[in-house]
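The values are calculated or read from the model by the stated rules, or taken from the named source; none is laboratory data. Keep in mind the model is a prediction, meaning the values are calculated, not measured. As a convention, Cβ positions derive from the backbone with ideal geometry for all residues, glycine included, and neighbour counts pool all protein chains shown.
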Amino acid sequence: MNSYSVTDSIQRAKELVSELGNTLGRVPTAAVITFGCQMNARDSEKLTGILIQAGFSIVEEESADFVIYNTCTVRDNANQRVYGRLGVCGGFKKKNPHMKIALCGCMMQEPSVIEKIKKSYRFVDLIFGTHNLYKFPEYLVSVLEQDGMIIDVWDKPDQIEEDLPVARKYSFKSGVNIMFGCNNFCTYCIVPYVRGRERSREPKEIIRECERLASEGVVEVMLLGQNVNSYGRGLENPISFPELLKEIEKIEGIKRIRFMTSHPKDLSDELIEVVKNSDKICKHIHLPLQSGSSKILKAMNRCYDKEKYLALAKKIREEIPDASITTDIIIGFPGETPEDVDETIDVIRQVEYDNAFTFIYSKRTGTPAAAMENQVPEEESHVQFDRVLAEVQKYAKKQSSRFEGRVMEALVEEVNENDPSLVTGRLSNNIIVHFPGDESLIGKFVNVKLNECKGFYYLGEIQ
Ligand code: 5AD
Ligand code: SF4
């Protein structure tokens, strides 16, 4: 395969897409189908940006002329969904001989997945992984020029590509990668194996990106990393995450700053101070608990115990009373007993989470937990899962309603899907509010009276 620069490759892809358009008698279409986390959503904006520049018209249907699945493998059900969708897409390809199908993302970093695709999904045209997304323009050229399956998966990154075209889903908000990979090796988690070692972007590149986004009208940025609290450690001139936040705060057009995800083991007092004293940093901390049992936390290699986590959550609640605290919880980790789950429920009762994502443990081949002997039967996990979910929902409802009657600032995101006379806005603490308004408000900040709490969202009115 020839090695072109990104710009040259996009130029060449453009010629090929235009030729395809002549053959088809219409503009070729492309669809980007995304699974998984905010990181993948951000990567998909890069894939979309490249496809637009190459001349494709972006659609949502998987019957498009070019379809790319950006996959996730954090839990097995994400993998199964990809295989299901791929089967359907293969059906479309039988009817459209010009169609090309591509796969990328975390699932592609697993050798067993590649073997399965080579064997059972031979109609796939292109496979690449998490470390070489910036090569997509080159691969696109190759796929449009030739038939046969192209596979290029690397086991580690070679560089951080800074200037790929990006098509943002929202004009007024954007994700910004501040680091890639993860070094924590929680024993259940496949991320360190498929996303590689932790690498922080240079602060000046992050600031430059945020400034450019601000100049394009973006008012809210979400700083993305698997563990933002360890940001900056490997850099030539190390800087801490709170220091980075203070720099981003200085950018005039940026009005709101969010971040995801905070590992409890590294959340510093300095961070709490910076969030507390900032008008721009949103009052929302996502603090994955995973388990409330110190025994299970140790087996998970989380590097904190129940007491340390509770003390941290208490400090956040005391210092920033308006902040919402959300979490991730795993049920059915090897060796987990109903008594361990009682500990998790005890933490839920004490922290009173504003919201929580609960997952049933999924065995990921190659992780230490997959080799542990005392795997929990699935039926037992479901019983415990229902117990935990009931508690989570109880407190989420209670927490959400604590703002009833108050006037708070919302950033309007979209016209309400079910009722076009309403718009949907998001508060600093991540709570959603629906209120009368129209399209012209999208991307604007408005003060909204939170009239009625409906569980996880509010109905309100502009003040
Ligand atoms: N099984 C279930 N949930 C998992 N997560 C990560 N790995 C697994 C797994 N093997 C969950 C964790 C993490 C979230 C993104 O996904 O709760 O915080
Ligand atoms: Fe996975 Fe743990 Fe890293 Fe999060 S911190 S990505 S759960 S290994």
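Annotations for the structure displayed:
- Residue 353 meets all of the listed conditions (1) more than 22 Å from residue 189 (Cα to Cα); (2) part of a helix (DSSP H, G or I); (3) touching a Ser or Thr at 6+ places or on another chain (Cβ under 6 Å) but one, namely (2).
- Every residue from the stretch 294-315 that is more than 23 Å from the chain's Cα centre (by Cα) and assigned to a loop (DSSP other than H, G, I, E, B): 303, 304, 305
- The stretch 365-391, residues that are in a helix (DSSP H, G or I) and among the polar types (S, T, N, Q): 381, 384
- First in the stretch 190-208 and on the phi > 0 side of the Ramachandran plot, second anywhere and surrounded by 18 or more Cβ atoms within 10 Å (Cβ to Cβ), Cβ under 6 Å, 6 or more apart: 196/157; 196/181
- Set 343, 318: member being away from ligand 2 (no atom under 16 Å from the Cβ), exposed (fewer than 15 other Cβ atoms within 10 Å of the Cβ) and in a helix (DSSP H, G or I): 318
- Number of the exception - residue 449 against (1) of a type in the set (D, E, K, R); (2) more than 21 Å from residue 282 (Cβ to Cβ); (3) touching a residue at least 24 places away in the same chain (Cβ under 8 Å): (2)
- If the condition is being exposed (fewer than 14 other Cβ atoms within 10 Å of the Cβ) and either charged (D, E, K, R) or part of a strand (DSSP E or B) (or both), then the stretch 437-450 contributes 438, 439, 447.
- Residue ID - surrounded by the fewest Cβ atoms within 10 Å (Cβ to Cβ), chosen from residues in the stretch 328-340 that are within 27 Å of the chain's Cα centre (by Cα) and of a type outside the set (A, V, I, L, M): 328
- Within the stretch 197-219, the residues that satisfy the criterion of being charged (D, E, K, R) and away from ligand 2 (no atom under 16 Å from the Cβ) are 201, 202, 204, 205, 208, 209, 211, 212, 216.
- Cβ separations smaller than 6 Å between residues 6+ apart or across chains give the following pairs from the stretch 411-424 residues that are not assigned by TED's automatic domain parsing to the domain that holds residue 222 to residues that are of a type outside the set (S, T, N, Q) and assigned to a loop (DSSP other than H, G, I, E, B): 412/442; 412/444; 423/437.
- Once the stretch 178-196 is narrowed to residues that are more than 8 Å from ligand 2 (Cβ to nearest atom) and buried (at least 20 other Cβ atoms within 10 Å of the Cβ), the residue that is farthest from the chain's Cα centre (by Cα) is 196.
Condition check ((1) of a type in the set (A, V, I, L, M, F, W, C); (2) buried (at least 19 other Cβ atoms within 10 Å of the Cβ)) across all residues:
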{"residue": "263", "(1), (2)": "no, yes"}
{"residue": "270", "(1), (2)": "no, no"}
{"residue": "284", "(1), (2)": "no, yes"}
{"residue": "289", "(1), (2)": "yes, yes"}
{"residue": "292", "(1), (2)": "no, yes"}
{"residue": "295", "(1), (2)": "no, no"}
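- Candidate set: the stretch 143-185, residues that are polar (S, T, N, Q) and in a loop (DSSP other than H, G, I, E, B); chosen: the one nearest to ligand 1 (Cβ to nearest atom): 184
- For the stretch 347-369, a residue qualifies if it is without any contact (Cβ under 8 Å) to a residue 60 or more places away in the chain and out of contact with any helix residue (DSSP H, G or I) (no Cβ under 8 Å at 6 or more places or on another chain), and exactly one does: 357.
- Enumeration of residues in the stretch 95-142 that are over 24 Å from the mean Cα position of the chain (by Cα) and assigned to a strand (DSSP E or B): 100
- Out of 385, 333, sole residue that is within 17 Å of residue 264 (Cβ to Cβ) and aromatic (Phe, Trp, Tyr): 333
- Qualifying residue in the stretch 66-89 (condition: farther than 27 Å from residue 194 by Cβ and either in a loop (DSSP other than H, G, I, E, B) or more than 16 Å from ligand 1 (Cβ to nearest atom) (or both)): no
- First in the stretch 63-76 and closer than 12 Å to residue 89 by Cβ and assigned by TED's automatic domain parsing to the domain that holds residue 121, second anywhere and in a strand (DSSP E or B) and within 16 Å of ligand 1 (Cβ to nearest atom), Cβ under 9 Å, 6 or more apart: 69/34; 69/105
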